[in-house]
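Presented below is the structure to which this report refers.
The values are calculated or read from the model by the stated rules, or taken from the named source; none is laboratory data. Note that the coordinates shown come from a computational prediction; the quantities given were computed from them, not determined experimentally. Heads up, the Cβs are rebuilt from the backbone with ideal geometry, glycines too, and the neighbour counts pull from every protein chain shown.
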Ligand code: 4GX
């Protein structure tokens with residue numbers, strides 16, 4: 001799967017996605033992540049990419065032409081038949097969840113636009129964006145962190161990215177419940193010992209205990225997830 005990220009801060013994105021599991025997945029070729037500096041497509045001699053909004057108002061907007069030219073450069077060389085989706089990271093969008101991540105993982109090619117300032121010229125959204133996605137109901141200074149979060153959530157669902165594909169099935173949200181508590185060595189820590197059942201080697205009992213714990217943890221921390229499950 002391929003990810004192209006249009007941004008004013010390509011080094012930031014490359015750095016975040018160059019580490020750990022996503023970095024390794026790029027090296028192994030399971031995914032390709034390419035960031036593009038929108039400023040490289042400015043026709044202005046000062047390389048400007050923003051301007052004041054028509055009609056007045058606070059702040060600056062990202063201009064449409066450099067973003068459009070950046071997008072066209074990304075598309076050059078890709079077949080029109082490819083399963084492609086263009087996302088704008090924005091607090092106006094639907095909030096990202098595991099179901100949306102699974103849906104996006106079905107595309108061959110995700111193109112992600114990161115906005116800054118007060119956002120982008122509305123015509124660029126009309127012209128190239130398929131979907132606006134938010135990572136939560138709060139406002140950040142730019143779309144780069146949201147884009148990295150989206151790539152991380154989607155990429156880990158792509159075949160060959162996680163060492164053990166069973167990992168993503170059993171984790172929180174995949175079954176609509178939170179994960180049960182887990183323990184590793186030492187068996188005693190600050191006077192607290194690992195629950196007896198986990199040391200028993202009795203797998204049926206362990207599975208039963210974990211199911212009960214998942215339910216109890218979800219009821220305590222995120223009761224709204226249980227209501228959602230019943231819908
Ligand atoms: N989930 N930001 C976008 C620019 C902007 C401002 C106003 C549209 C309207 C965000 C989020 C987020 C900061 C990215 C503002 N775009 N992105 N940027 N929450 O806060 O995705």
When (1) touching a strand residue (DSSP E or B) at 6+ places or on another chain (Cβ under 7 Å); (2) within 25 Å of residue 32 (Cβ to Cβ); (3) at pLDDT 95 or above; (4) loosely packed, with under 14 Cβ neighbours inside 10 Å are applied to residue 95, the one that fails is (2)
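Conditions (1) modelled with pLDDT under 95; (2) touching a helix residue (DSSP H, G or I) at 6+ places or on another chain (Cβ under 9 Å); (3) within 16 Å of the ligand (Cβ to nearest atom), marked per residue:
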{"site": "7", "(1), (2), (3)": "no, yes, yes"}
{"site": "12", "(1), (2), (3)": "no, yes, yes"}
{"site": "30", "(1), (2), (3)": "no, yes, no"}
{"site": "51", "(1), (2), (3)": "no, no, yes"}
{"site": "60", "(1), (2), (3)": "no, no, yes"}
{"site": "63", "(1), (2), (3)": "no, yes, yes"}
{"site": "81", "(1), (2), (3)": "yes, no, no"}
Reported set for region 184-197 where residues are surrounded by 10 or more Cβ atoms within 10 Å (Cβ to Cβ) and farther than 21 Å from residue 219 by Cβ is 187, 189, 193, 194
Result of the Cβ filter at 9 Å on region 126-141, keeping first residues that are on the phi > 0 side of the Ramachandran plot and in contact (Cβ under 8 Å) with a residue 40 or more places away in the chain and partners that are near the ligand (Cβ under 6 Å from one of its atoms) and part of a strand (DSSP E or B), at least 6 apart or interchain, is 136/91
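Given the structure, is residue 206 under 30 Å from residue 15 (Cβ atoms) and crowded, with 16+ Cβ neighbours inside 10 Å?
no
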Log entry, pairs with first residue in region 207-231 being within 15 Å of residue 182 (Cβ to Cβ), second being part of a helix (DSSP H, G or I) and at pLDDT 95 or above, beta carbons closer than 7 Å, six or more apart or on different chains, reads 209/197
Of the residues in region 150-183, those that are surrounded by fewer than 16 Cβ atoms within 10 Å (Cβ to Cβ), modelled with pLDDT of 95 or more and more than 27 Å from residue 23 (Cα to Cα) come to 181, 183
